[in-house]
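S.K.: Got a structure for you, questions after.
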């Protein structure tokens, strides 16, 4: 595997050509020249976080594409995690882990038992921080696809947000992690081929019975994540690893 720095840019590279120059943001340039201490002319690999990537060299103001753009197809089925807001900085840990495991999307959820209850004016900052964590994790994992972090929703809006994220007719399922439910691998094996799967993980105290009932009424299916109780900041990664293996996302 190449060990040259792998950099996510905020530009679209799909139609870029060899020799094109791409400007770097102040943060991107600081990371490459001050944190990684790369000199002008250093080799890097750049991606737009949407599957397109290319070899490049570092210049004074940006990077110059040194090789043709390659494109990695979108991963299927699309995998999303609906994570009930945990306390402290645990959301950072969740986003970091699921990004490394290839999650396409993270939906933060304000659940009934969420200890962290940020006011509406702070949820934008929470999302911005989570997006930065996803970007760094995607770079570390050398993934040309960057996990998308959506705006915060409440539990009552979750099923609608999931349905609204895909084109009409998409074959999808919403699974809700809950104690004493059928095991995740068993449920996955029983489902028809999917184009999108969303796994919902509750907060420290779990989903309330009322939330589970409401989500099931909206078409969700409850699943178990094994015989032990996982911490909320670890459950999403465990579920995603199982789903990725069962659904063929691991190649």
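The values are calculated or read from the model by the stated rules, or taken from the named source; none is laboratory data. From a predicted model like this one, the values you see are computed outputs, not experimental measurements. When we count neighbours, we look across all protein chains shown, and the Cβ atoms used for this are built from the backbone with ideal geometry, even at glycine.
S.K.: Restricting the search to the stretch 172-186, which residues are surrounded by fewer than 18 Cβ atoms within 10 Å (Cβ to Cβ), assigned to a loop (DSSP other than H, G, I, E, B) and modelled with pLDDT of 95 or more? Before you say what the answer is, go through the steps one by one.
M.R.: If we filter the stretch 172-186 for residues that are surrounded by fewer than 18 Cβ atoms within 10 Å (Cβ to Cβ), which is where we start, we get 179-183, 185-186.
If we keep only those that are assigned to a loop (DSSP other than H, G, I, E, B) as well, we get 179-182.
The answer is 181, 182.
S.K.: Continuing with this model, one more query. Considering only residues that are under 16 Å from residue 84 (Cα atoms), in contact with a helix residue (DSSP H, G or I) (Cβ under 8 Å, 6 or more places away or on another chain) and assigned to a loop (DSSP other than H, G, I, E, B), which ones fall in the stretch 187-224?
M.R.: 202, 203, 204, 207, 220
S.K.: Which residues, taken from the stretch 111-134, are within 22 Å of residue 54 (Cα to Cα) and buried (at least 18 other Cβ atoms within 10 Å of the Cβ)?
M.R.: Hit for the stretch 111-134 is 134, nothing else.
S.K.: Can I ask one more? Between 191, 230, 158, which is buried (at least 17 other Cβ atoms within 10 Å of the Cβ) and either assigned by TED's automatic domain parsing to the domain that holds residue 99 or within 29 Å of residue 46 (Cβ to Cβ) (or both)?
M.R.: 158
S.K.: Here's something else I'd like to know. Given the criteria free of Cβ contacts under 8 Å to residues at least 40 places away in the same chain and either surrounded by fewer than 20 Cβ atoms within 10 Å (Cβ to Cβ) or closer than 20 Å to residue 237 by Cβ (or both), does residue 167 qualify?
M.R.: yes
S.K.: Give me the residue from the stretch 78-107 that is touching a strand residue (DSSP E or B) at 6+ places or on another chain (Cβ under 6 Å) and free of Cβ contacts under 8 Å to residues at least 60 places away in the same chain and, out of that set, surrounded by the fewest Cβ atoms within 10 Å (Cβ to Cβ).
M.R.: 104
S.K.: Now a separate question. Is it fair to say residue 37 is assigned to a loop (DSSP other than H, G, I, E, B) and closer than 30 Å to residue 160 by Cα? Please lay out each step first, then the result.
M.R.: Numbers: assigned to a loop (DSSP other than H, G, I, E, B): yes; closer than 30 Å to residue 160 by Cα: no.
No.
Quick grid of which residues meet (1) modelled with pLDDT of 95 or more; (2) at positive phi; (3) assigned to a strand (DSSP E or B):
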position	(1), (2), (3)
46	yes, no, yes
57	yes, no, yes
76	no, no, no
81	yes, no, yes
92	yes, no, no
95	yes, no, no
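S.K.: State whether one or more residues within the stretch 119-128 are modelled with pLDDT under 95, more than 10 Å from the chain's Cα centre (by Cα) and assigned to a loop (DSSP other than H, G, I, E, B).
M.R.: Taking every residue of the stretch 119-128 in turn, at least one turns out to be modelled with pLDDT under 95, more than 10 Å from the chain's Cα centre (by Cα) and assigned to a loop (DSSP other than H, G, I, E, B).
S.K.: Any residue at all in the stretch 59-71 that is closer than 25 Å to residue 149 by Cβ, in contact with a strand residue (DSSP E or B) (Cβ under 7 Å, 6 or more places away or on another chain) and either outside the structural domain of residue 130 (by TED's automatic domain parsing) or surrounded by fewer than 19 Cβ atoms within 10 Å (Cβ to Cβ) (or both)?
M.R.: There is at least one residue in the stretch 59-71 that is closer than 25 Å to residue 149 by Cβ, in contact with a strand residue (DSSP E or B) (Cβ under 7 Å, 6 or more places away or on another chain) and either outside the structural domain of residue 130 (by TED's automatic domain parsing) or surrounded by fewer than 19 Cβ atoms within 10 Å (Cβ to Cβ) (or both).
S.K.: Another question about this same structure. What number of residues within the stretch 191-215 satisfy the criterion of being more than 21 Å from the chain's Cα centre (by Cα) and within 18 Å of residue 113 (Cα to Cα)?
M.R.: Residues that pass the stated criteria total 11.
S.K.: Would you confirm, using the coordinates I've provided, whether residue 219 is farther than 14 Å from residue 239 by Cβ, exposed (fewer than 14 other Cβ atoms within 10 Å of the Cβ) and in contact with a strand residue (DSSP E or B) (Cβ under 7 Å, 6 or more places away or on another chain)?
M.R.: yes
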